[in-house]
Amino acid sequence: MKLIATYLVGVVFGVGIAISGMINPAKVLNFFDLFGTWDPSLIFVMGGALITTFIGYKLVFGRAAPVFAVEFLVPSARRIDARLVGGSAVFGIGWGIAGFCPGGALPALGTGRWEVFAFVAALLIGIFLAKFIQSRIAHSAAPVVSP
């Protein structure tokens, strides 16, 4: 049942991204072109997402426990650190250059455009590279235990 619920949430998200036009990178890039062909529609998409998220959080966290899990899995980190700022910067720069965010790129795979596949491939390479770097840093920072 959890898998079906996950699938349905993904379908709703993908349809919403497609209907809003956010699978079109030109639409997203025009949002960033303040002095050219500025398109404010992304503000309305984000506003709708913010309202939906606010209502969803109120409903979900009003429950004693999640439907398909034992407990709510909420991030515990509250600090703004270099990792958060760096990741946000990479995300924003990539979004501004490509016109795709990861969430919008996955539904856009259905368009069959090679640019979308190239973006998703670069995204996956970036994820694996970041994981590799993180594991190397963690490994080198681990204390050496001598017998």
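The values are calculated or read from the model by the stated rules, or taken from the named source; none is laboratory data. Predicted model, so just to flag it, every value in this text is computed and none were measured. Because the Cβ atoms are built from the backbone with ideal geometry, glycine has one as well, and the counts that use them run over all protein chains shown.
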The correct count of residues that are β-branched (Val, Ile, Thr) and more than 15 Å from the chain's Cα centre (by Cα) in region 92-115 is 2
Region 1-12, subset of a type outside the set (A, V, I, L, M) and surrounded by fewer than 11 Cβ atoms within 10 Å (Cβ to Cβ), residue farthest from the chain's Cα centre (by Cα): 2
For region 41-74, name all the residues that are exposed (fewer than 10 other Cβ atoms within 10 Å of the Cβ) and either at pLDDT below 90 or among the charged types (D, E, K, R) (or both). 58, 62, 63, 64, 65, 67, 69, 70, 71, 73, 74
Give me the residue from region 13-37 that is closer than 15 Å to residue 100 by Cβ and of a type in the set (A, V, I, L, M) and, out of that set, surrounded by the fewest Cβ atoms within 10 Å (Cβ to Cβ). 26
Condition met for residue 71 (closer than 18 Å to residue 24 by Cβ and acidic (Asp, Glu)): no
Residue match in region 71-91 (condition: basic (Lys, Arg) and over 21 Å from the mean Cα position of the chain (by Cα)): no
Index of the failed condition, residue 121 passing every other in (1) of a type outside the set (Phe, Trp, Tyr); (2) within 25 Å of residue 11 (Cβ to Cβ); (3) surrounded by 12 or more Cβ atoms within 10 Å (Cβ to Cβ): (3)
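Suppose the filter is hydroxyl-bearing (Ser, Thr, Tyr) and either in contact (Cβ under 8 Å) with a residue 12 or more places away in the chain or touching a Pro at 6+ places or on another chain (Cβ under 7 Å) (or both); does residue 88 pass it? Quick ask: steps written out before the conclusion?
Details: hydroxyl-bearing (Ser, Thr, Tyr): yes; either in contact (Cβ under 8 Å) with a residue 12 or more places away in the chain or touching a Pro at 6+ places or on another chain (Cβ under 7 Å) (or both): no.
For residue 88, the condition - hydroxyl-bearing (Ser, Thr, Tyr) and either in contact (Cβ under 8 Å) with a residue 12 or more places away in the chain or touching a Pro at 6+ places or on another chain (Cβ under 7 Å) (or both) - is not met.
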